[in-house]
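Quick notes on the structure that follows.
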Amino acid sequence: MSPLSPPAPGIPPASPEAAPPRTASAALAPPPAGARPPALRWIALLAVLLMAALTAAVSAQPAHAEPKEKYVVGTDTTYAPFEYTGSDGDLEGIDIDLLHAIAKDQGFEVEIRPLGFDAAVQALSSNQVDAVMAGMTITDERKESFDFTDTYFVGGVQFAVPESSDISSLDQLKGETVAVKNGTTGKDFAEENKDKYGYTVDTYQETTDVVDAVKSGHAVGYFDDYPVIAYGITQGSGFKQVGDPQGGGDFGAAVNKGKNAEFREKFNAGLKNLKKSGEYDKIVEKYVGAQGSDGGGEQAQKPDRSVLTVITDYWPQLLHGVWLTFLSTVVALVLAFVLGIIFGFARLARFAPFRWVATAYVYVFRGTPILVQAFFIFFAIPQMFPELKMGPFVAGAITLTLNTGAYMTEIIRGGIQAVDSGQTEAARSLGLGHRKTMQKVVLPQAFRIMIPTFVNQGIITLKDTSLLSVIGLAELTYQSRQIIATTYMSSQVLVVVAFLYFAVITVLTLLSQRLERKYAV
């Protein structure tokens, strides 16, 4: 209707009072009493929601600390014979058996979280766990941050090389590269003596990485605690010891400085009782034999080193890993799709604060590595909000959701903008409102355009689950590392794991192709 057209029949003409003059004085005039501009209403609403969230977080904190009957203890994932996953899928090893025996002796419950050494120490620092027991050597540097229990094992650093190697002493290492695990006394020893023997040091996160580095020729040998090397030899690792163990390290369980003193007291009392009863010696001999580094434990058996052995002996662990990989992916994709819709429309909103918030979200989660996001959610948030402790699956699902949601936001925004603007103009000219135009005209076409990108993002998200093994999410990659740590069959295990990933992703790809054919534009 033209502004000069007469009013339609039945519609009264607008009175001069109903349409105030659009002058500068009118525009600067304050709003009527009790009325708020739209922007202020939204800011007020966000402020109320933020205050409610902070109030809930504060009110959730306990008024006083209760004595603990259950302790959460972080540990390594691949540090046999101290902690590793057995063929039945349960965590076992010297640390695990000692901890359960002490808990039984002292009458408390224990929840063990296998996180990896570095992650376990970070979890302790962020109060995600009450203690760490992971073959940790008591050092003066660590005493500055942690309180330790009494010594429960005395270790020593050993050098190991492949059985085919000609190296028989450390004097032959000049110009060579050796491998060590981060945070171990083996690394400390290697760093202290690298100038003396003339070698360079490569550091890895897990024992399995160290062993694979030597097997693949990136290093000629590796330093580690002698029980670890001795246990690996009994399991057919293909290595031999060079020289005698160097030095010695006292192993102890750690708690944060000034905290969980009752755990240390119970641990020390239980350890004393186990040594007195002889149960301690039985546990240690079970894994490293009565002679320490000589020979293996009662369970030491050289496995049949074939791919078929991996499949037949470890299929429960592999299936559990596939299930958690699939579940975490589906949860993340569903929630990320919801986030994508919300922030995708926010990116196109006329209201500037919506666009700012959505743009900031996309920039932050697309501009930082997913590993950093996982560490922040799992370790940093509990430090800032002590009651917001979460397990590896919840933390992993939140990380995947937020990371994938940022990409979904841009997929949805791009899909909507890819629909020809003439479609919107035609719908509006037919009398459809903005909501109906989006619902009936724009979104159906946009989602058809988005299908291939959605599927591609789903595959990327599934593969990203492997990165979350660093916070203890027991998905497929995590399970493969557990099996490798026990059997030292890295190539065989990786072949099986790669096939499982390939099978799952192929199924998803075939489903996506069917969807594309069905809903092709």
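Structure data summary
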{"quantity": "Some residue of the range 160-183 being within 25 Å of Lys143 (Cα to Cα), among the polar types (S, T, N, Q) and modelled with pLDDT under 85", "calculated": "yes"}
{"quantity": "Residue among Val504, Val497 that alone is touching a residue at least 24 places away in the same chain (Cβ under 8 Å), part of a helix (DSSP H, G or I) and closer than 30 Å to Val73 by Cα", "calculated": "Val497"}
{"quantity": "Failed item, numbered, when Phe159 is tested on (1) surrounded by fewer than 23 Cβ atoms within 10 Å (Cβ to Cβ); (2) touching a Leu at 6+ places or on another chain (Cβ under 8 Å)", "calculated": "(1)"}
{"quantity": "Test result for Met408, surrounded by 19 or more Cβ atoms within 10 Å (Cβ to Cβ) and over 30 Å from Tyr231 (Cβ atoms)", "calculated": "yes"}
{"quantity": "Among (1) in contact (Cβ under 8 Å) with a residue 60 or more places away in the chain; (2) within 30 Å of Ile377 (Cβ to Cβ) - the single one Val154 does not satisfy", "calculated": "(2)"}
{"quantity": "Search result, residues across the range 412-463 that are out of contact with any helix residue (DSSP H, G or I) (no Cβ under 9 Å at 6 or more places or on another chain) and part of a helix (DSSP H, G or I)", "calculated": "Ser421, Gly422, Glu425, Ser429, Arg435, Gln439, Pro444"}
{"quantity": "Helices (runs of 4 or more DSSP H) within the range 300-381 that include 3 or more residues over 28 Å from the mean Cα position of the chain (by Cα)", "calculated": "307-348, 352-366"}
{"quantity": "Residues (assigned to a helix (DSSP H, G or I), touching a residue at least 24 places away in the same chain (Cβ under 8 Å) and not charged (D, E, K, R)) located in the range 74-121", "calculated": "Ile94, Leu98, Leu99, Ala101, Ile102, Ala103, Gln106, Phe117, Ala119, Ala120, Val121"}
{"quantity": "Qualifying residue in the range 281-288 (condition: closer than 26 Å to Lys187 by Cβ and modelled with pLDDT under 85)", "calculated": "yes"}
{"quantity": "Unique residue being in a loop (DSSP other than H, G, I, E, B) and either surrounded by 12 or more Cβ atoms within 10 Å (Cβ to Cβ) or out of contact with any strand residue (DSSP E or B) (no Cβ under 7 Å at 6 or more places or on another chain) (or both) when the list is Leu473, Leu467", "calculated": "Leu473"}
{"quantity": "Qualifying positions in the range 250-269 - under 21 Å from Gly155 (Cβ atoms) and touching a Phe, Trp or Tyr at 6+ places or on another chain (Cβ under 9 Å)", "calculated": "Asp250, Phe251, Gly252, Ala253, Ala254, Val255, Arg264, Phe267"}
{"quantity": "Where Asp118 falls short, out of the listed (1) modelled with pLDDT of 85 or more; (2) open to solvent by 10 Å² or more (accessible area, probe 1.4 Å); (3) within 29 Å of Ile229 (Cβ to Cβ)", "calculated": "(1)"}
{"quantity": "Residues (assigned to a helix (DSSP H, G or I), over 30 Å from Val442 (Cα atoms) and touching a residue at least 40 places away in the same chain (Cβ under 8 Å)) located in the range 382-411", "calculated": "Pro382, Gln383, Pro392, Phe393, Ala395, Gly396, Ala397, Thr399"}
{"quantity": "All strands (runs of 3 or more DSSP E) inside the range 166-285 with 1 or more residues being open to solvent by 10 Å² or more (accessible area, probe 1.4 Å) and touching an Asp or Glu at 6+ places or on another chain (Cβ under 9 Å)", "calculated": "177-181, 200-204, 239-251, 254-256"}
{"quantity": "Tally, over the range 353-366, of residues that are in contact (Cβ under 8 Å) with a residue 24 or more places away in the chain, surrounded by fewer than 20 Cβ atoms within 10 Å (Cβ to Cβ) and not aromatic (Phe, Trp, Tyr)", "calculated": "3"}
{"quantity": "Output for the range 305-352, where each listed residue is in contact (Cβ under 8 Å) with a residue 40 or more places away in the chain and polar (S, T, N, Q)", "calculated": "Ser306, Thr309, Gln317, Thr325, Ser328, Thr329"}
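The values are calculated or read from the model by the stated rules, or taken from the named source; none is laboratory data. In this text the structure is predicted, and so the values were computed from the model without any measurement. As a convention, Cβ positions derive from the backbone with ideal geometry for all residues, glycine included, and neighbour counts pool all protein chains shown. The protein model used for the area step is the full one, side chains on, heavy atoms only, and it has no ligands, DNA or RNA in it. Shrake-Rupley method; radii C 1.70, N 1.55, O 1.52, S 1.80 Å.
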